[in-house]
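Chemist: I have a structure I would like to understand better, so I am pasting it below and will then ask my questions one at a time.
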Amino acid sequence: MSDDFCYSPEAEDIVNQFYSVDVMVYVEGKDDMPFWELMFEKFSEHSVEIQEVGGCTALEPYINRINSGELTTAIVACDTDLTNFLSQRLEEHPNIIRTPKYAIENTMITVENIAKAINRVSRLSKRLIKQEDISRWLDDFYSNCLDLVLYDVHNAKFSHGIAVVGDNASRFMKSRTSSLICKEKIKTHVEQLSAKFDDFNRDLVMEEIHSKGYLPNDLIRGHFLFSAVAKFVNEYSRKKGYKNSISNDSLYAVLVLALETTLTEKSPDYEFFKERIERVQVAA
């Protein structure tokens, strides 16, 4: 939706009628649209029109008006980020749907989906793609990034405003093309963070993460995680003989497509999305 155009409050509550749908769904950006389209197609009995608003900040007026009861024919679907660790977090309306982990990427990125993405984008035979290789790499990545997650959570909780992680994992890799985390680079960065956070207690942060029902892996930034996966997919494909580079857009698209087939009742996030979307309240 254009930044210089908006509906009046009265008109905004009947936008769904213009699109001949039950309810509008507002999301942060264009990248979020195919993910949330999949979720609503799978779990919602209502017809929806999904629109992107141009960023997280642009969603705030919609969230406020839904929470106040002023906007009754709309849903906001967005990333949780680290909002569950903010002291001022308030109970929200059922029509505010946040992801069960940090971002949509944390749901999309699984060993099975990475394998499917490599198969589809690089056209490698399935027999050449070993899920144990992917699992080993992903476990190593999460393990090496644990302290980054802990400092990121602490930073959010106490609103220190320090840049802990960022959206790109490249700075922590062994080389420009490597998908492997450099432990020395992580160690140096963590030492720098330690000097900035004199109130950081590793055990207390870990305890709070678990008390809220998370694993640390759930809270790694979505874009950061995706950037690392993109490097892994390209590196793995090259080693198996695929010479072209896979674009981030192509990788993102095939991960969403893979999720269509892998999001089943056995999936960790299946029940969460099912329950959250089914409890949406749509005005008659």
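The values are calculated or read from the model by the stated rules, or taken from the named source; none is laboratory data. Since the structure is predicted, the reported quantities are computational estimates derived from the model, not experimental observations. Note that we place each Cβ from the backbone using ideal geometry, even for glycine, and neighbour counts take in every protein chain shown. The area values use the complete protein model at the heavy-atom level, side chains included, leaving out ligands, DNA and RNA. Shrake-Rupley method; radii C 1.70, N 1.55, O 1.52, S 1.80 Å.
Chemist: Taking residue 187, is it among the charged types (D, E, K, R), open to solvent by 60 Å² or more (accessible area, probe 1.4 Å), out of contact with any Pro (no Cβ under 8 Å at 6 or more places or on another chain) and assigned to a loop (DSSP other than H, G, I, E, B)?
Modeler: Details: among the charged types (D, E, K, R): yes; open to solvent by 60 Å² or more (accessible area, probe 1.4 Å): yes; out of contact with any Pro (no Cβ under 8 Å at 6 or more places or on another chain): yes; assigned to a loop (DSSP other than H, G, I, E, B): no.
Considered against the rule, which asks whether it is among the charged types (D, E, K, R), open to solvent by 60 Å² or more (accessible area, probe 1.4 Å), out of contact with any Pro (no Cβ under 8 Å at 6 or more places or on another chain) and assigned to a loop (DSSP other than H, G, I, E, B), residue 187 comes out as no.
Chemist: Quickly run through region 213-247 and pick out the residues that are free of Cβ contacts under 8 Å to residues at least 60 places away in the same chain, farther than 15 Å from residue 129 by Cβ and surrounded by fewer than 16 Cβ atoms within 10 Å (Cβ to Cβ).
Modeler: Scanning region 213-247 gives 213, 215, 243, 245, 247.
Chemist: Cβ-Cβ under 7 Å, sequence separation 6+ or interchain: first residue in region 56-75 and buried (at least 18 other Cβ atoms within 10 Å of the Cβ), partner assigned to a helix (DSSP H, G or I) and not small (Gly, Ala, Ser). Which pairs?
Modeler: 71/12; 71/62; 71/65; 73/16; 74/62; 74/66
Chemist: Does region 107-117 contain at least one residue that is in contact with a Leu (Cβ under 9 Å, 6 or more places away or on another chain), open to solvent by 20 Å² or more (accessible area, probe 1.4 Å) and farther than 30 Å from residue 153 by Cβ?
Modeler: yes
Chemist: What number of residues within region 87-101 satisfy the criterion of being open to solvent by 10 Å² or more (accessible area, probe 1.4 Å) and within 18 Å of residue 222 (Cβ to Cβ)?
Modeler: 3
Chemist: How many residues, within region 118-135, are among the small types (Gly, Ala, Ser) and surrounded by 19 or more Cβ atoms within 10 Å (Cβ to Cβ)?
Modeler: The qualifying residues number 1.
Chemist: Sticking with this structure for a sec: Do you know which residues across region 1-35 are assigned to a loop (DSSP other than H, G, I, E, B), open to solvent by 30 Å² or more (accessible area, probe 1.4 Å) and modelled with pLDDT of 75 or more?
Modeler: 20, 22, 28
Chemist: Taking the condition assigned to a helix (DSSP H, G or I), modelled with pLDDT of 95 or more and touching a strand residue (DSSP E or B) at 6+ places or on another chain (Cβ under 8 Å), does residue 226 pass?
Modeler: Working: assigned to a helix (DSSP H, G or I): yes; modelled with pLDDT of 95 or more: yes; touching a strand residue (DSSP E or B) at 6+ places or on another chain (Cβ under 8 Å): no.
So residue 226 does not fit the description; no.
Chemist: Same structure again: Regarding region 173-182, can at least one residue be identified that is in a helix (DSSP H, G or I), surrounded by fewer than 13 Cβ atoms within 10 Å (Cβ to Cβ) and out of contact with any strand residue (DSSP E or B) (no Cβ under 8 Å at 6 or more places or on another chain)?
Modeler: no
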